[in-house]
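Trainee: Next up is a structure, given as structure tokens.
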Amino acid sequence: MLELRKDLFADERDDTLNVVGKSVQRQDMPGHVTARTRFFDDHAFDGLLHLKVVRSPHPHARIRSIDVSAAARAPGVKRVLRAADVPVNKNTLLSLINFGKDDEPALAVDKVCYVGEPVVAVIAESEAAALAARNLVRIEYEPLTPVFDVEEALKPGAPVVNPTYPNNYFEYHERFDHQKLRFGDVEAAFARADIVIEHRYQMSPIEHAPTETNGSIAAPEHNDRYVVHTCAQGLFFSLGTTAKIVNLESNRLHFIGGTVGGGFGGKVDSLTEPLAVLGAMLTGRPVRFVLDREEEMLYGSPRGAERIYIKDGLMRDGRIVARYVRSYFDAGAYTRLSSYAAIKCTAHIPGPYWIPNVASDIHVAYTNRCPSTAMRGFGITAVDFALEVQMDRLAEAAGLDPMEFRILNAYRDGDVKPHRRVAKNTALIECVQVAAEKANWPLSDQARRQSSLVGGGTGARAEIPATVLDQRGQIGRPESRGAPATGTLPAGAMRIPLTKEPVMEGTRDGRAAPVQVPRYAPAPAPGPAGPPPAAAASRPAAPPASSAPPFYPPAPSPAPVAPPPVAPPAAPPTQHGAMRFSSVFGTRRR
Amino acid sequence: MAKLPVQLRLNGADRATFVDPAEPLLTTLRRGLGDFAPKYGCGQGTCGVCTVLVDGEPQLACLTLAVACDGRHVETASGLADGPDMHPLQTAFMAHFAAQCGFCTPGMLTAARALLAHNPHPTREEVVEAISGNICRCTGYEPIILAILAAAAAPGARRA
Amino acid sequence: MARHEGRGMASVNYPIGMNLGGDPSQALIHSNPDGKFTVALSAIDLGQGMKQVSRQIAAETLGVPVEDVYVDTADSDTGPHDMGSFASRGTHRMGNAVIAAAREARGVLLEAAAEELEVNAADLVTDGRGNIHVRGAPTRSITVKATAQAAQFKQGRTIAGRGIFLLPLSAVDAETGEMNPNTAFAHACLVADVAVDDETGEVTVLRMTSAYELGRVINPRMVEQQLVGGAWMGMSHALYETPEPYYPDPAHGPRDFNEYLMPGPGDIAPYHVTVLERPAPDGPFGGKGPGEMCANPVLPAIANAVYNAVGVRVDELPITPEKILRGIKANGGVRPQPRRGGAVTWRPRDVAVPA
Ligand code: FES
Ligand code: FES
């Protein structure tokens, strides 16, 4: 099923490595086939207690009263936890990197914001006893009007889902109700375009559905610490979140995990660790908190839904001249990681293509459903669906074959992307060519001759265009969403310092390690040193400039290396201590 | 509720324990007898990660009452290898890279073992049928199907 | 009733590692007195193969056989900090941290060997089979084992290394979205062949053909695992999965695996992947990371194939029979689009099934 095309890009690789590139058996495979692999739940504890939570049946309701007396007296029950028992009962996952405000309780305090929100936890001698006692907890609710649609949620007067964000959106840079991307002038380009195509796309939520459900076991350990067997996808992420919520120093928690029965993003949120540890602290016994399948399916945060509008300006020769994307991430009731997905999505627009005018407005909206979180392809999967169906439509409108259309508009080495950085190490064209060949999908000679290495970074493709700016969508001012443009940023402008070199500490000389090390001594009977014989056939031939159709980018003239458009501002002072994501968005945690 | 005594043979060894009357075999094996090979995936009979053999027949341990296994022979994936020697299914799963997270693997191996015991030379369709109650979220099933077919072709595959 | 075949494609790229950087990974490596190495991490293996990827990268960098390296993860008492296994960051970020740690350990190893051989450490090379020798003079050699023993019991040296990899955090411009999001991107193009039943609205994926560019492939069989499993998930996302089938109306949600639909072992489609390797300049040996993007092109490719088959655009995932039938009805019947290309040039892997 898998075929390696070693001939492509061969001159960019050293293929003389010893074990990298070899199909060596996985270290964990013997454990898997003998069933010796130990997952978080495969640990025996004497006196193990089981924790189950009582969840809200309402999407949005005020809590009038909670009566746990019958549950606390039920057979086998050791302890009932309520919001007041949680030492720090408000958190947001990315607070560990100082991004966003604490907005989510471990146990609901005075209102519930989604069906399944945990309100009370019951800890008992057996799962059956915990489940039986769960039915004895009496909670009186006063239902509130819920909102389920992302665009409805952003309208004035919509029910407030999440009191920390009373306008139902995540706030970016303390200025806007969304994250902007602005590159060139899309409106002017739409006006000039031969064809303008606009469509709406939507992806419903998707469940991670790992075969192992979320869970953890926490137990008092010697040295006055707590050991936690966990399925967390980020060990220290979960440890830090737990330490904050139960208010313990991090070194009093001993997290063990790393062997997880599938995650796909659904085990980033520390759904069980804080309450399991709190239970162990309050009972002095090992506490196991594992979601059952129904809980995992309904209340283990899903891949969030997205609604996406794409508007494209197309010329009859097949060039896309403008793309505008407006999208709405459905965060559910609390932020979790959605705030970050919008940024990742912004950087991804307009997909792997070079388009001279691009803009996007990416919103994160709160609704009364289970909070969503990361999933395989986070921030990208839905927008890729939308972009690629839209590309199919555009190809049809231009009368071009979809493969040829992709190659025509593909980004190449040296092209400037709308987030104002130069694309390098691109390979979209080669992927299209190879897939077409294997699928027996005919391509024109010109399309087959194109290369990611050639034709990018020339003329307009190398330039940051003059860019129209606006102040639309100011926080708390929905009427500003349709406001006119406010000015133009001159061509070439850059305001964010270029990426610093990666830090790769640990080498003997303290310098970043070159990635192609170490070199091995040559094999016993080597030929004369030189490029491997395959190198000659290593890359697609550059298109002869004369025969390229006019709409393909011209082969580069040996142009002088362009200086960076504008000298980047001086790097900010070195930061010490914790990373300051607040500096990224200007959004301080409160 | 009073606990009930259960004696059973687990992977060839006689074992005894006390269980709640309504306790599923899965809980007894994992929490009572310490055999963690069968996993909890749903507790509803819909995922197959708890698959064990009871007197040679594949059963979902989450839906089987422990008391119903009194006096019977329960086999799990822990007992598939013959001491240090792996079963052909195990070597085939390794050779075909037929596990990623490995959580479905004990149940898959057990379902496959039951298939080969009854039908030493299954067709691809019969393999598919035999594992159709076992969910795998990682592999896309193809490597698992190939591994089972390869194991069937290997000598010694019928070893129960 | 008629069955209509159609073909669609999609091409995508995918960023590697946390957007904007700021996501460090650390690794520690030490040697037993006989030259066997342990790599201590707090990375998470979700099945994607983090342990084995780290192991191969460590063995390659140390210059020792892969069997001489084991990876221990994740125990917060012994494994140093790592952000976690998400955002396709494992291979790239942790791989680089492991390289840094292994280089440090290798440096000590070679110095210890140099002392035993009475040569300059800079003149030494490893053969990847457990020996260290003078470059160009394979007979002037010492085993890794003897070197480690000498370091431990004679020279008093620690053959160990520590490593961190960090892309420093970058900012985002509020007005333009200017940022330094990622340094490495992987690429893919996928062709899906489907059949659509115009009476039931059901879609059968007949086969998929793709090309992925993933930087250096660290372990081809493990890449195959990701891409094959990921394509299955993509097919599942495209056609079946959601807990809210009438989103944004939350009603009618599935509660278990009987109601939450996914393709079973009998529903899978033959799949052929070609992998291209354009090494990432800052990836470990040029590696990128295939774990997340492997599902992405499948969704639009199937949507486009459905359009090609019956002329219905389904713009809301999942592409259910209901939506297809409504689309056919709205169009006043099926409208097959032009056929694209011929039969694929590959065959499903032949499996010898004994008679
Ligand atoms: S746990 Fe028994 S079938 Fe899922
Ligand atoms: S290998 Fe993960 S569920 Fe099958």
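None of the figures in this text is laboratory data; all of them are computed from the coordinates on show. Here the structure is a predicted model, which means the values were calculated and not measured. Cβ coordinates were reconstructed from backbone atoms using ideal geometry, including for glycine residues, and neighbour counts include every protein chain displayed.
Trainee: When N counts the residues of region C:18-165, how does its alpha-carbon radius of gyration compare numerically with 2.2 N^0.38 Å, as a ratio?
Mentor: Dividing the Cα radius of gyration by 2.2 N^0.38 Å gives 1.07.
Trainee: If we count every other residue with Cβ under 14 angstrom of C:A2's Cβ, Lys/Arg +1 and Asp/Glu -1, where does the sum land?
Mentor: Local charge sum for C:A2: -3.
Trainee: Turning to a different aspect of this structure: Taking amide H atoms as placed 1.01 Å from N in the peptide plane, list the residues 5 or more away in sequence, or in a different chain, whose amide H sits under 5 Å from that of A:E463.
Mentor: A:V416
Trainee: Right, here's the next one. So what is the 222 nm mean residue ellipticity for the protein assembly as shown from helices alone, if each DSSP H run of at least 4 adds -39500 (n - 2.57) and you divide by all residues, rounding to the nearest 500 deg cm²/dmol?
Mentor: Calculated mean residue ellipticity at 222 nm is -6500 deg cm²/dmol.
Trainee: Same structure, new question: Taking a ≥ b ≥ c as the square roots of the Cα gyration tensor eigenvalues, with a/c under 1.5 meaning rounded and otherwise prolate when a/b beats b/c, else oblate, which class fits chain C?
Mentor: prolate
Trainee: Moving on. Using a/c under 1.5 as the rounded threshold, could you call chain B rounded, prolate or oblate? The axes a ≥ b ≥ c are square roots of the C-alpha gyration tensor eigenvalues, and prolate needs a/b larger than b/c, oblate otherwise.
Mentor: Prolate shape, in that a/c is at least 1.5 and a/b is the bigger ratio.
Trainee: If you take the alpha carbon radius of gyration of region A:162-214 and divide it by 2.2 N^0.38 Å, what ratio comes out, to two decimals?
Mentor: This ratio for region A:162-214 stands at 1.91.
Trainee: Which distance in Å, rounded to a whole number, links the C-alpha centroids of region A:262-305 and region A:449-480?
Mentor: So the two Cα centres are separated by 42 Å.
Trainee: How big is region B:4-77 in terms of Cα radius of gyration and Dmax, in angstroms?
Mentor: 10.7, 30
Trainee: Next up: Take the Cβ-Cβ distance between B:L4 and A:A84 as r, set R0 to 51 Å, and report the resulting FRET efficiency rounded to the nearest 0.05.
Mentor: Efficiency for this residue pair is about 0.80.
Trainee: Hey, another quick one. Could you check the simple spin-label distance between A:Q446 and A:D317, using points 7 Å along Cα→Cβ, in nm with one decimal?
Mentor: 0.8 nm
Trainee: Could you tell me whether region C:1-92 comes out rounded, prolate or oblate from its Cα gyration tensor? Rule is a ≥ b ≥ c as square roots of the eigenvalues, rounded for a/c under 1.5, then prolate if a/b exceeds b/c, otherwise oblate.
Mentor: prolate
Trainee: What ³J(HN,Hα) values, in whole Hz, does the Karplus curve 6.51 cos²θ - 1.76 cosθ + 1.60 give for region B:21-36 when θ = phi - 60°, with x put for Gly and Pro?
Mentor: Calculated HN-Hα couplings, in order: x, 9, 6, x, 3, 4, 5, 4, 5, 6, 8, x, 9, x, 9, 8 Hz.
Trainee: Okay, moving on. When chain B is modelled as a GNM with alpha-carbon springs shorter than 10 Å, which of B:T27, B:T46, B:T105 fluctuates the most?
Mentor: B:T46
Trainee: Report the Cα centroid-to-centroid distance between region C:203-237 and region C:67-84 in angstrom, as an integer.
Mentor: With region C:203-237 and region C:67-84 each reduced to a Cα centre, they are spaced 28 Å.
Trainee: Further, regarding this structure: Cα centroid distance between region C:176-195 and region A:378-403, in Å?
Mentor: Cα centroid of region C:176-195 versus Cα centroid of region A:378-403: 12 Å apart.
Trainee: Moving on to the next point. Based on the Cα coordinates of chain A, what is the per residue volume of their convex hull in Å³?
Mentor: So the per-residue hull volume is 203 Å³.
Trainee: Could I ask something else about it? Have a look at region B:88-153 and give its Rg and Dmax from the Cα atoms, expressed in angstrom.
Mentor: 10.2, 28
Trainee: For region A:447-452, in order, what is each residue's ³J(HN,Hα) by Karplus, 6.51 cos²θ - 1.76 cosθ + 1.60 with θ = phi - 60°, in whole Hz (x at glycine and Pro)?
Mentor: So the J values, rounded to whole Hz, are 5, 5, 8, 5, 8, 5.
Trainee: Sticking with this structure for a sec: Any of A:K267/C:K288; A:K344/C:K36; A:K344/C:K288; A:K267/C:K323 with alpha carbons more than 29 Å apart? Name them for me.
Mentor: Checking Cα-Cα distances, A:K344/C:K36; A:K267/C:K323 exceed 29 Å.
Trainee: Multiply the residue gap between C:T204 and C:H252 by 0.36 nm, knock off their C-alpha separation, and tell me the result in nm, one decimal place.
Mentor: 14.8 nm
Trainee: Which residues' amide hydrogens lie under 5 Å from the amide hydrogen of A:V54, considering only partners 5 or more residues apart or on another chain, with H built in the peptide plane?
Mentor: Under 5 Å from the amide H of A:V54: A:V119, A:V120, A:A121, A:V122.
Trainee: For chain B, which DSSP H helices look membrane-span-like by this rule: Cα extent along the axis of 30 Å or more and mean Kyte-Doolittle of at least -0.5?
Mentor: Membrane-span-like by this rule: not one helix.
Trainee: How large is log10 of I(q)/I(0) for region C:274-355 at q = 0.18, 0.20, 0.27 Å⁻¹ when the intensity is taken from the Debye formula with one equal scatterer per alpha-carbon?
Mentor: Here the Debye-derived log intensity ratios amount to -0.91, -0.97, -1.26.
Trainee: Under 15 Å from a label point 7 Å along Cα→Cβ of C:T158: give me every residue in region C:69-87 with its amide N that close.
Mentor: Those under the cut-off are C:78-80.
Trainee: Taking only Cα atoms of the protein assembly as shown, what ratio of Rg to Rh do you get with Rh as the Kirkwood inverse-distance radius?
Mentor: Rg/Rh: 0.96.
Trainee: Another question, if that's okay. If the label point is 7 Å along Cα→Cβ of A:D194, which residues in region A:378-406 have backbone nitrogen under 14 Å from it?
Mentor: From region A:378-406, the list is A:394-401, A:405.
Trainee: Something else: Can you tally the net charge around A:W441? Count Lys and Arg as +1, Asp and Glu as -1, for every other residue whose Cβ sits under 12 Å from the Cβ of A:W441.
Mentor: Residues near A:W441 contribute +2 overall.
Trainee: Here's a follow-up. Share of antiparallel DSSP beta bridges in the protein assembly as shown, in percent to the nearest 5?
Mentor: 80 percent
Trainee: Please figure out what share of the DSSP beta bridges in chain A is antiparallel and state it in percent, rounded to the nearest 5.
Mentor: Percentage antiparallel, nearest 5: 80.
Trainee: Can you give me the angle between helix C:50-62 and the longest principal axis of chain C, using Cα atoms only, in degrees from 0 to 90, rounded to the nearest 10?
Mentor: Between the helix axis and the principal axis of chain C, the angle is about 40 degrees.
Trainee: Now for a separate question. What FRET efficiency comes out for the pair B:F18/C:R339, r = Cβ-Cβ distance, R0 = 51 Å, nearest 0.05?
Mentor: Between B:F18 and C:R339 the formula returns 0.15.
Trainee: Looking only at B:A95, B:A117, B:A13, which one moves most when chain B is put into a Gaussian network model with springs between Cα atoms under 10 Å?
Mentor: Residue with maximal mean-square fluctuation among B:A95, B:A117, B:A13: B:A13.
Trainee: Then there is this: Along the charge dipole of region A:330-481, pointing to its positive end and built from +1/-1 on Cβ of Lys, Arg, Asp and Glu, which listed residue (A:Y340, A:T467, A:N440) has its Cα farthest out?
Mentor: So the residue furthest toward the plus end is A:Y340.
Trainee: Follow-up question, since we're still on this one. Which Cα, out of C:A10, A:V246, C:V344, lies furthest along the positive dipole direction of the protein assembly as shown (beta carbon charges, K/R +1, D/E -1)?
Mentor: A:V246
Trainee: Right, something else. Projecting each Cα onto the charge dipole of chain A (Lys/Arg +1, Asp/Glu -1 at the beta carbon, about the Cα centre), which of A:T211, A:A397, A:V53 comes out farthest on the positive side?
Mentor: My answer, from the dipole projection, is A:V53.
Trainee: Using 7 Å Cα-to-Cβ label points, what is the A:R252/C:K36 separation (nm, one decimal)?
Mentor: Calculated label separation equals 3.9 nm.
Trainee: Mind checking the angle between helix C:220-239 and chain C's longest principal axis? C-alpha axes, 0 to 90 degrees, to the nearest 10.
Mentor: Helix C:220-239 and the main axis of chain C meet at about 30 degrees.
Trainee: Can you give the FRET efficiency to the nearest 0.05 for A:D7 and A:H43, using r as the Cβ-Cβ distance and R₀ = 35 Å?
Mentor: So the FRET efficiency works out to roughly 0.10.
Trainee: Further question: Relative to the longest principal axis of the C-alpha atoms of chain C, give the angle of the C-alpha long axis of helix C:298-310, reported between 0 and 90° and rounded to the nearest 10°.
Mentor: The answer is roughly 20 degrees.
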